[in-house]
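What follows is one structure encoded as structure tokens, with my remarks underneath.
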């Protein structure tokens, strides 16, 4: 009797196989027809040993040359017919497999885009990429190779056993004695291989994450001369992967070798005992040859089954990881009956908002404010005060745990998520650009924009001149993450993208903090154009950049501790005036020139 752990593993494998098989549901008719074609091909193949038996008996016993010729032509026809059915069936089975995997990749990628910031904050990008590529690739192997072959092998195995019993039941007993041993070995090794396969997928994801971390920050790596450190980190990860893979190879090869030895020993016994049966006149030479071919077919089928079982166990580990991903529930979704955002005036109101990433540590506490249409609201305060978190609540990157945020008097949860975010644009401190052309990066703000509209947006963002100075102008490739551009140029492309989107609400998160004076002046001028007639929220550490804001919210430890204009706050002798004094004292202090 299998142990409780073995029963659990068997149930898990069955569930995984049913999940893999369920993926082919939209193409089930083609799948069934292809399976029938493959089974017909297998059935034809099973008649070949019987034809060879008749061929040998015709030559050695009857001496009938005409029958020999007829049988030879008949066998040739069978081979051709078998090849046609085999080609047709296998082509369509693999078509279904490839189609299902394509659908799965699209579904996983689409689902990844539905998941919120919390999901990505808790996982490494390399691990997610590994699931999308390596894990789906393992399932592909199971669908296009392993499962289709399982059908034909099982059919061939059952057919071979049935025909062997018909030919000589005594010899068949020799084969049947090996079946329990193979079943025990398959169950034992299969469980071990599946566990190791899951570990291999995890180790592969870890090594991918390490590589992506380092290569994504290659400038930092080189600046700190950490090439050897990162190479060693990656080497350690792949060596761990190798160790797990080696253990799987050892188990798999032990299994295959053991099955091979068992069957070859069985064939020797069949050959010896079958010879005795021929000498005793209870079996013809043709019967013995047919029987040995069927025995070899069983041996080949069992050997292939063991290999396929290992591949399916590998796919089972990958499938578990993929379905874990697909079962992730997006933390931010449309509310029932959510409506499309229509014309937006831009009035934003927050009432008693509380938020925390960790339930035990609130990041925002009792946040309340109002922003009238077209106003500029500045958020200032020390690092970690909750400014960026507050900004992220407006487009619903996160939802407050308590309180509410409204847009033009309507709770933002009552709007469709995509519709709400379509009215908002964000220009962050760290601009993300794609490794495509300048034009495509700007057009990301409005995929239907014309070339003239893109140029107008770039001109308004003070980006047109530097773009036209590039070798291919707007068609110039800017490298991975805009590596060929300066910080100011990246910011101006981000502003051009936001201008092209034409949002009603604008979120600026430290958009000029890392720029030199000349670049900051150009970016600031572009931002003023962008902010005009839009409700704007600005985070800035340089308080000189927010003096003209309609209202300044001063945050400290997740609370709004002050609120007012620059003139009002500077006279209050509170946190704002303290921060302002510190910044301008630092500017007035003489600097040591080296």
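Conditions (1) crowded, with 17+ Cβ neighbours inside 10 Å; (2) touching a helix residue (DSSP H, G or I) at 6+ places or on another chain (Cβ under 9 Å), marked per residue:
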| residue | (1), (2) |
| --- | --- |
| 247 | no, yes |
| 261 | no, no |
| 275 | no, yes |
| 300 | no, yes |
| 320 | yes, yes |
| 325 | yes, yes |
Verdict on residue 40 being in a helix (DSSP H, G or I), surrounded by 16 or more Cβ atoms within 10 Å (Cβ to Cβ) and modelled with pLDDT of 85 or more: yes
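Would you confirm whether or not the stretch 76-90 contains a residue that is within 30 Å of the chain's Cα centre (by Cα), under 27 Å from residue 294 (Cα atoms), modelled with pLDDT under 85 and assigned to a helix (DSSP H, G or I)?
The answer is yes; a qualifying residue exists.
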Odd one out for residue 422, checked against (1) under 22 Å from residue 336 (Cα atoms); (2) without any contact (Cβ under 8 Å) to a residue 60 or more places away in the chain; (3) out of contact with any strand residue (DSSP E or B) (no Cβ under 9 Å at 6 or more places or on another chain): (2)
Some residue of the stretch 526-543 being surrounded by fewer than 19 Cβ atoms within 10 Å (Cβ to Cβ), modelled with pLDDT under 90 and within 35 Å of the chain's Cα centre (by Cα): no
Residues (under 18 Å from residue 173 (Cβ atoms) and either crowded, with 17+ Cβ neighbours inside 10 Å or touching a residue at least 24 places away in the same chain (Cβ under 8 Å) (or both)) located in the stretch 277-296: 277, 282, 283, 287, 288, 290, 291, 292, 294, 295, 296
The stretch 153-178 residues that are outside any helix (DSSP H, G or I), paired with ones that are surrounded by 14 or more Cβ atoms within 10 Å (Cβ to Cβ) (beta carbon under 6 Å, 6 or more apart): 168/283
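Quick test for you: out of 475, 452, 509, pick the one residue that is modelled with pLDDT of 90 or more, touching a strand residue (DSSP E or B) at 6+ places or on another chain (Cβ under 7 Å) and either farther than 30 Å from residue 380 by Cα or surrounded by 15 or more Cβ atoms within 10 Å (Cβ to Cβ) (or both).
Working: 452 fails: touching a strand residue (DSSP E or B) at 6+ places or on another chain (Cβ under 7 Å); 509 fails: modelled with pLDDT of 90 or more.
It is 475.
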Filtered residues of the stretch 553-563 (kept if out of contact with any helix residue (DSSP H, G or I) (no Cβ under 6 Å at 6 or more places or on another chain) and surrounded by 21 or more Cβ atoms within 10 Å (Cβ to Cβ)): 553, 558, 560
Residue 515 more than 20 Å from residue 391 (Cα to Cα), surrounded by fewer than 16 Cβ atoms within 10 Å (Cβ to Cβ) and modelled with pLDDT under 85: no
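Output yes when any residue across the stretch 124-133 is assigned to a helix (DSSP H, G or I) and more than 30 Å from residue 234 (Cα to Cα), and no when none is. Outline the logic, then answer.
Initial filter on the stretch 124-133 (assigned to a helix (DSSP H, G or I)): 125-133.
Restricting the remaining residues to those that are more than 30 Å from residue 234 (Cα to Cα) gives none.
No; the residues of the stretch 124-133 include none that is assigned to a helix (DSSP H, G or I) and more than 30 Å from residue 234 (Cα to Cα).
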Residue, farthest from residue 51 (Cα to Cα), within the stretch 277-298, restricted to residues that are in contact with a helix residue (DSSP H, G or I) (Cβ under 8 Å, 6 or more places away or on another chain) and assigned to a loop (DSSP other than H, G, I, E, B): 283
Residue in the stretch 119-140 that is crowded, with 16+ Cβ neighbours inside 10 Å, over 30 Å from residue 333 (Cα atoms) and under 22 Å from the mean Cα position of the chain (by Cα) present: yes
Qualifying position, being at negative phi and in the same structural domain as residue 554 (by TED's automatic domain parsing), among 289, 344: 344
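The values are calculated or read from the model by the stated rules, or taken from the named source; none is laboratory data. Not measured: the values here are computed from a predicted model. Ideal geometry is used to build each Cβ from the backbone, glycine not excepted, and the neighbour counts take in all protein chains shown.
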